[in-house]
Every structure is written in structure tokens, then in C-alpha cells.
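Colleague: Pasting a structure below so you can have a look.
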Amino acid sequence: MIKRKQFGQHFLNSNSIAKSIVSEADITKNDVVYEIGTGLGVLTPLLCQQADKVISVDIDESLVKKAKQAFSHIDNLVLKSGDGFKKKDHFTIFVSNLPYSKSKDAIEWLAQTSFSHGVIMVQKEFAEKLLATASKKRKAISIIATNAFDIKLVSKVGKNNFSPPPKIDSVILKIIKKNNLTKDLIQTINKIFSYRRKTVKNILKQFNKETSIDKRVDDLSGDEIINLANQILE
């Protein structure tokens, strides 16, 4: 249990929800699925039934060992231990019950990674940040996510479907890749939001650039924020 808290993991224990995630992922026999968080292995064998290959990674070595014993008969499964966000595997579909402590890092990593689409489970509160349209509620991660992906809310998932149960409900999101963002662009968007109370003119001064635009970040559209970030990077 200490490791679970350390890694921010709450393991899905519902077969019906696992089946709905796999169904939403639209996996074919041409697809390589990348799963971060093998966990208790609820999703993993279902993914293997649909895909050409499944690469499943968990940071907890003991869980990977258990999965290797339980799924030794599955030929198209590759199990790895370690940080899945630091590995260099190629895949077409991403599926994950994202560790809550890593959700922001995961979205930024996925924004830089080439793949077709994915199904992710995140905390309800984090999903609201990703989908925020009201300017006052947007965060840097909202701009990054909506520029990189088309995002669809699939369903809500109650906390009782996990062990140990988290304090907040979760949601399943489907993400379809639109654009690859560079690491520099992502870092610059984060910097812009650290100056969100300043005007665009004053933000650009921080980077030795000039403009006559007096709007604040909250007055800009998502595309305008991306353009501002690109201007800073020029």
C-alpha cells in the first residue's frame, strides 16, 4: 500500500469499465497499444485480444512480476517495469488509467508523441481543467491539450471502482491526436501562464520582444496563446 500511495496509483477493479475502455479504443489487429500502469492487469488481457501487440509498463516491479506470471500464455504482450513516460516505444493507441500525480506530465508527454488516438482515465477535476473553455478557468495544460488533441468525454467513473478508492470520482476521455507540440513550445505556454496577470506587451518584454497588444492572457483565444508562444520562440 505504501508503493501505491507513493506512485499515486488507484487500480481499476471493474471488468465492465475495462471492457468499455477497450471498446472505446477502437483497436484493430494492425495496432500496437501502449498501456502505462499495468496495475492489477484488468485491462491488459482485454487489450491483447484486440491488438497486434500490447506494451504494458508499470513503475512497480512487483506488479510487473505478477503480471508476467498471470499472462505468461499471452504471446503478443510485452511487459516492462519503469517509467513509461521515459521509454521510446512506438505505438498507435495509448490506453491508461493515469496515475493522478502524473496526469499533467502525461498530457505534456503525449502532446509531444506521435500516435493515432487513446483512451485515458483521469480525475474528474483534472478532466475539467483539460476541457475548460472559460478563459478564467483555463490553465496552461488546457491550451496544450486542446491544441494537441480532440478530446471527448466518454463517461464518469465512481471512486468505488478502484482499489484503494480515491477521494474523487474519475472520468474516461478519448483523445485523438491533432498536432505534435515541441518541448520548447510546451515550456513556453507554461511560462506565459505564469505571467497571466500581465498584458501581452509586458509578457513579451520578459523575452526581449515587442508588440502593441495590450490584452491579457485571459482575453486571448487558445490559438492566440499558441501564436504568442511561437512568437516568443522565434
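The values are calculated or read from the model by the stated rules, or taken from the named source; none is laboratory data. Values in this document were obtained by computation on a predicted structure and should not be read as measured data. No Cβ is skipped: glycine too gets one built from the backbone with ideal geometry, and neighbour counts run over all protein chains shown.
Colleague: Determine whether I225 is part of a helix (DSSP H, G or I) and closer than 22 Å to V122 by Cα.
Modeller: Spelling it out, it is not the case that I225 is part of a helix (DSSP H, G or I) and closer than 22 Å to V122 by Cα.
Colleague: Also: I need a count of the residues in the stretch 13-53 that are part of a strand (DSSP E or B) and of a type outside the set (V, I, T).
Modeller: Within the stretch 13-53, residues that are part of a strand (DSSP E or B) and of a type outside the set (V, I, T) number 3.
Colleague: Can you name the number of the only condition in (1) surrounded by fewer than 20 Cβ atoms within 10 Å (Cβ to Cβ); (2) in contact with an Asp or Glu (Cβ under 6 Å, 6 or more places away or on another chain); (3) not hydroxyl-bearing (S, T, Y) that I186 fails?
Modeller: Among (1) surrounded by fewer than 20 Cβ atoms within 10 Å (Cβ to Cβ); (2) in contact with an Asp or Glu (Cβ under 6 Å, 6 or more places away or on another chain); (3) not hydroxyl-bearing (S, T, Y), I186 violates only (1).
Colleague: Another question, then. State all residues of the stretch 178-226 that are in contact with a Ser or Thr (Cβ under 7 Å, 6 or more places away or on another chain) and closer than 30 Å to S114 by Cβ; if no residue qualifies, say none.
Modeller: N180, G222
Colleague: Identify, by number, the condition in (1) of a type in the set (V, I, T); (2) modelled with pLDDT under 95; (3) closer than 22 Å to I189 by Cβ; (4) touching a helix residue (DSSP H, G or I) at 6+ places or on another chain (Cβ under 7 Å) that I143 doesn't meet.
Modeller: Of (1) of a type in the set (V, I, T); (2) modelled with pLDDT under 95; (3) closer than 22 Å to I189 by Cβ; (4) touching a helix residue (DSSP H, G or I) at 6+ places or on another chain (Cβ under 7 Å), only one is false for I143: (2).
Each row is one residue, and each column tells you yes or no for (1) touching a Gly at 6+ places or on another chain (Cβ under 9 Å); (2) at pLDDT below 95; (3) surrounded by fewer than 18 Cβ atoms within 10 Å (Cβ to Cβ); (4) within 30 Å of S142 (Cβ to Cβ).
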{"position": "I27", "(1), (2), (3), (4)": "no, no, no, yes"}
{"position": "L47", "(1), (2), (3), (4)": "no, no, no, yes"}
{"position": "K68", "(1), (2), (3), (4)": "no, no, yes, no"}
{"position": "K80", "(1), (2), (3), (4)": "no, no, yes, no"}
{"position": "K88", "(1), (2), (3), (4)": "no, yes, yes, yes"}
{"position": "P99", "(1), (2), (3), (4)": "yes, yes, no, yes"}
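Colleague: Within the stretch 133-161, can you find the residues that are aliphatic (A, V, I, L, M) and exposed (fewer than 12 other Cβ atoms within 10 Å of the Cβ)?
Modeller: A134
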